[in-house]
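Structure first, commentary second.
Just so you know, all these numbers are worked out from the coordinates, no wet-lab data involved. In this text the structure is predicted, and so the values were computed from the model without any measurement.
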Amino acid sequence: VFKMDNDIERVLYSQEAIAEAAKRVGQQLAHDYENKTPIILVVLKGAALWAVDVMRYMEYTEVEFINVSSYNGGITSSGEVSLVTDIQSDVNNRDVIIMEDIVDTGRSLKFMKELLVQRGANSVKTASLLDKKEGRVVEEDVEYIGFDVPKAFVVGYGLDYSVNGKELYRNLPYVGILKKEVYAPEHANLVDHEITPTH
Ligand code: PRP
Ligand code: MN
Ligand code: MG
């Protein structure tokens, strides 16, 4: 029994359901990138768990990391995306698969796609655990989707919520909706994709 489980109102996607989704997406990628050696671009920090589970089903790949931030710590999204940690290799002429935990406004994804295209990537596709289509501010499509997620206050399996300056819940093996008392306004430090609970 984990204490963290008590902070969860409802499990949206179980560990088993996520494992199935990772297998489905991973096998699709293995098929679509057959005879290629794509770069799996893991978007820190949220996509770490998803990327690891998906890439197990793939053939020859390289793994790179990037960290972008679209928030300035306020209660709403700043709208501006900045590069926190850059990729460590040349993407010129490479096929890149962006691995995300969630695509919400689409701003982070747009920023990364433009960066990769500008650097001469041969192709850029996205595989996201969650696609929150209702949250879109800029038009961005996700080619490989684990789950279409409704507007809800989700944490777990990479997705965090900040409590007293600590980014918690990333290590939950499932995705769940956080209890109201945990994300009450007085605990704020909310970010855009986490601030719109359905109940
Ligand atoms: C979250 C999420 C995506 C991005 C999606 O990352 O992991 O990268 O925001 O939001 P958008 O579509 O509105 O741009 P965050 O910046 O919270 O960093 P983290 O992954 O380290 O938690
Ligand atoms: Mn992220
Ligand atoms: Mg976050």
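General remarks:
- The GNM of the chain, with springs linking C-alpha atoms under 10 angstrom apart, assigns the highest mean-square fluctuation among 113, 23, 180 to 180.
- Sum of -39500 (n - 2.57) over DSSP H runs of 4+, divided by residues of the chain (222 nm, nearest 500): -6500 deg cm²/dmol
- Tilt relative to the chain, helix 107-118 - C-alpha long axis, 0 to 90 degrees, to 10: 10 degrees
- 17 Å Cα-Cα reach of residue 3 towards aspartates and glutamates, excluding residues that sit fewer than 8 places from it in its own chain: 160, 167, 181
- Just checking the listed ones, 60, 169, 13: in the Gaussian network model of the chain with Cα springs under 10 Å, the one fluctuating most is 60.
- Fraction of beta bridges assigned by DSSP in the chain that are antiparallel (%, nearest 5): 35 percent
- The three principal axes of the C-alpha atoms in region 15-149 carry coordinate ranges of 42, 36, 23 Å, sorted with the longest axis first.
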